[in-house]
Ligand SMILES: [Zn+2]
């Protein structure tokens, strides 16, 4: 549950939101997710590593953070039940928000970038969009300078936008929920960057800032996007 902390300093008074946040490191156990064999990168390991670093950062800012898994395990032998159990963690902990962390894969090795997904159906369409919009804003702003001038091109090529999806893991969450695909493991340049602490830290910082932005402005729409699908979400319609 959200608690408000009043912080008074010599210069200003501000309200910090102390929230309960559930982070879902995508996959685990027999569900490995996507992989890049040449670079020895496996999505289930990378999502857990990023989630743990992100949890540490959020906890240092007084939030309660719960991970759907702390080790390399599946939550159930059955895939649908595995995904349902992840969402159930958010329900059981009365979470204020749920973020599922993933890395993408494609047979097209040139595909790059990040995507933020909101559920097609949610009790909280505006809050889901606000959370997605905040994450989209901060991921864009954090990764752009890092990729700038590289062979992966400009932010346009990297920005997969905000999309509606039927992913079970966010559809079943009983709080504002999004799923983030942070980068393509199957692209060689992205994979090489993902092996560096510098890029991992950029991604952790980006998601951390996005969550804080949402918590500070959760009743507002925090950024705008001109894509038709995003505009429909901004009007609060589930598409
Ligand atoms: Zn995944």
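The distance from the alpha carbon centre of the stretch 179-208 to that of the stretch 30-88 is 15 Å, rounded to a whole number.
Ordering 158-170, 53-65 by mean Cβ neighbour count within 10 Å, with the highest value first, yields 158-170, 53-65. Estimated from the Cβ-Cβ distance and a Förster radius of 25 angstrom, the FRET efficiency linking residue 61 and residue 123 is about 0.40. Applying 0.36 nm per residue to the separation of residue 40 and residue 106 and subtracting their alpha-carbon distance, the gain on full extension is 22.1 nm. Extension gain for residue 70 to residue 91 (0.36 nm times residue separation, less C-alpha to C-alpha distance): 5.8 nm.
Computed from the coordinates by the stated procedures, all read-outs in this text should not be read as laboratory data. From a predicted model like this one, the values you see are computed outputs, not experimental measurements. Note that each Cβ is placed from the backbone with ideal geometry, even for glycine, and that neighbours are counted across all protein chains shown.
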